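Undergrad: The structure's right below; bear with me while I get my questions together.
The values are calculated or read from the model by the stated rules, or taken from the named source; none is laboratory data. From a predicted model like this one, the values you see are computed outputs, not experimental measurements. Cβ placement follows ideal geometry from the backbone for every residue including glycine, while neighbour counts extend to all protein chains displayed. Protein only, heavy atoms only, side chains kept; ligands, DNA and RNA dropped before computing areas. Shrake-Rupley method; radii C 1.70, N 1.55, O 1.52, S 1.80 Å.
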Amino acid sequence: MTSLKRNATAILAATCCLFLAACQTEEQAVKPVAPAPAKEAVTATPPAPPAETPEQLAEKAARASAEAERDSVLALYNNGDYYGAIKRGLAVEDDLKIYKDLELDTIKHTAFSYCLTKNTKLCRAQFEKALKLDPTFTLGGDDGHPMWTPAFHQAKKALKIK
């Protein structure tokens, strides 16, 4: 076969393919195309919270340290080491002065410890200290205990707090 015949055959074959591709049935020509799947909604990532300032980080660290000191008093108290709780409570009181809630809780548990060691005079003195710090101070759920409730009420009476 000559190259001219080969080229003609190739051209004829390509033309036939094009012709067949163009010849669709009417049914194929009007067949609807399936819609493209919907794109998933992209959720926006919330912006990162602003970084904490060095002052905020220092305050968090100071508060955590003060809470740990108060917790050390509560741990001694909860383990029945009332003398240890008194000693530790008196040692950390000054460190807690900037956190009134922690200071009051420490004073309260130091008072409880004094009462449980039968030192009601010092128990009452601790309650007076708490009431001077916050005249609205209460025993909360600890009110009614036979050892420290009388000392608490005596402290309120001594300070003329109703």
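Undergrad: Considering only the stretch 135-152, how many residues are open to solvent by 80 Å² or more (accessible area, probe 1.4 Å) and in a helix (DSSP H, G or I)?
TA: 1
Undergrad: With respect to residue 121, determine if the residue is within 29 Å of the chain's Cα centre (by Cα) and open to solvent by 50 Å² or more (accessible area, probe 1.4 Å). Reasoning before the result, please.
TA: Numbers: within 29 Å of the chain's Cα centre (by Cα): no; open to solvent by 50 Å² or more (accessible area, probe 1.4 Å): yes.
In short, no.
Undergrad: Being within 21 Å of residue 159 (Cβ to Cβ), open to solvent by 20 Å² or more (accessible area, probe 1.4 Å) and of a type in the set (Phe, Trp, Tyr), is that true of even one residue in the stretch 124-133? Can you show your working first?
TA: Filtering the stretch 124-133 down to residues within 21 Å of residue 159 (Cβ to Cβ) leaves 124-133.
Still in the list and also open to solvent by 20 Å² or more (accessible area, probe 1.4 Å): 124-125, 128-129, 132-133.
Now narrow it down to the ones that are of a type in the set (Phe, Trp, Tyr): none.
Looking through the stretch 124-133, none of the residues is within 21 Å of residue 159 (Cβ to Cβ), open to solvent by 20 Å² or more (accessible area, probe 1.4 Å) and of a type in the set (Phe, Trp, Tyr).
Undergrad: Residues 127, 152, 137: which one is under 31 Å from the mean Cα position of the chain (by Cα) and among the aromatic types (Phe, Trp, Tyr)?
TA: Details: 127 fails: under 31 Å from the mean Cα position of the chain (by Cα); 152 fails: under 31 Å from the mean Cα position of the chain (by Cα).
Within the list 127, 152, 137, the selection yields 137.
Undergrad: Across the stretch 81-114, which residue is nearest to the chain's Cα centre (by Cα) among those that are open to solvent by 30 Å² or more (accessible area, probe 1.4 Å) and among the hydrophobic types (A, V, I, L, M, F, W, C)?
TA: Residue satisfying both the conditions and the ranking: 98.
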